[in-house]
Amino acid sequence: MKRKDFIKNTALLAGSIVVGAGATGCRPSQQAVKKDNLNANVSKVEDKPKPAFVLPALEYPVDALVPYIDKQTMEIHHGKHHAAYVANLNKALEANAGLLGKNLTDLCAAVGAGADQSAIRNNGGGHYNHSLFWTILANPNTIEQKIPTGKLLSAINEAFSSVENLQKLLKDAALSQFGSGWAWLSVDKNKKLFVSATANQDNPLMKNIIAADKQGTPILGIDVWEHAYYLNYQNKRKDYLEAIFNLIKWEQVDKLFAAAIG
Ligand SMILES: [Fe+2]
């Protein structure tokens, strides 16, 4: 994938999830604190980049997705699980200078499959995947596009024949993912759409981990970890998958598609 594509996608993703003063979204701060600039409250001199990924605020209240996703699930999912991925990613990066300083998209592209990078793979993937997930969901009453439109619709029809078939393929991918993982709609290097599933917190950006024909830029992801649905749906993953299509904010997917194809 071209670097400009990474940058565009990351900027779009980060721009849509950063809420609140001081938040740095997906981008790590590389600002070293110089001794001359120290104020009275800073007692330690830092002369190298520090990881500073932050939990992005939701763009909607935690009960905005009711009845399809309940309030408590959102509180735990965003406030506990996603927050833990961010904290653990920052901690893991302190011990891995080779990946320190990369933005989140580049980090996913660079992380390897070795055991020495498993914490960054799991938590960096967890941070990226959830940051994307929150932005493509919304209260149905606030969604401007309830179905794909424009170039995205054309690309969906070309690749999958219809939106209905795309949804079926996404559900099939999500249902066939054994254990925890994600189902994805992504754009490949030839700017074509494809559906895939990944285990745990892997994603199609991870070119050192994912098979070549499943690599690309995600524009829609569905979390099929049990923590995403178990309070409401228990073991009925299929019911959760039926419900979640009521929450897809297609105008955001369309923006991510436009950024991915350049
Ligand atoms: Fe999750």
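Pairs are defined by a Cβ separation below 7 Å, a sequence spacing of at least 6 or placement on different chains, a first member in the range 75-90 that is more than 12 Å from H227 (Cα to Cα), and a second member that is near the ligand (Cβ under 10 Å from one of its atoms); the pairs so defined are Y85/G126; Y85/H130.
Looking at the structure I just gave you, is T105 farther than 19 Å from A259 by Cα, at pLDDT 95 or above and more than 16 Å from the ligand (Cβ to nearest atom)?
Values: farther than 19 Å from A259 by Cα: no; at pLDDT 95 or above: yes; more than 16 Å from the ligand (Cβ to nearest atom): yes.
Spelling it out, it is not the case that T105 is farther than 19 Å from A259 by Cα, at pLDDT 95 or above and more than 16 Å from the ligand (Cβ to nearest atom).
Might you check whether a residue that is in contact with a strand residue (DSSP E or B) (Cβ under 7 Å, 6 or more places away or on another chain), of a type in the set (G, A, S), farther than 26 Å from K80 by Cα and part of a strand (DSSP E or B) occurs anywhere in the range 159-167? Scanning the range 159-167 turns up no residue that is in contact with a strand residue (DSSP E or B) (Cβ under 7 Å, 6 or more places away or on another chain), of a type in the set (G, A, S), farther than 26 Å from K80 by Cα and part of a strand (DSSP E or B).
Take the conditions away from the ligand (no atom under 16 Å from the Cβ), crowded, with 19+ Cβ neighbours inside 10 Å, more than 21 Å from L185 (Cα to Cα) and touching a residue at least 60 places away in the same chain (Cβ under 8 Å) and apply them to L152. Does it pass? Taking the combined requirement at face value, the residue does not satisfy it. Across the range 127-144, what is the total count of residues that are of a type in the set (G, A, S) and farther than 13 Å from P56 by Cβ? The qualifying residues number 1. Contact map, the range 92-109: first residue over 16 Å from T217 (Cβ atoms) and surrounded by fewer than 17 Cβ atoms within 10 Å (Cβ to Cβ), second residue at pLDDT below 95 and among the aliphatic types (A, V, I, L, M), Cβ cut-off under 8 Å, separation 6 or more or different chains; pairs are E94/L100.
All conditions in (1) under 19 Å from the mean Cα position of the chain (by Cα); (2) more than 28 Å from M74 (Cα to Cα); (3) of a type in the set (D, E) hold for D106, with the sole exception of (2). Entry remark, the range 118-149: residues being surrounded by 13 or more Cβ atoms within 10 Å (Cβ to Cβ) and of a type in the set (D, E) number 0 in total.
The values are calculated or read from the model by the stated rules, or taken from the named source; none is laboratory data. Computed from a predicted model, the values in this text were never measured in an experiment. Every residue, glycine among them, receives a Cβ derived from its backbone with ideal geometry; neighbour counts consider all protein chains shown.
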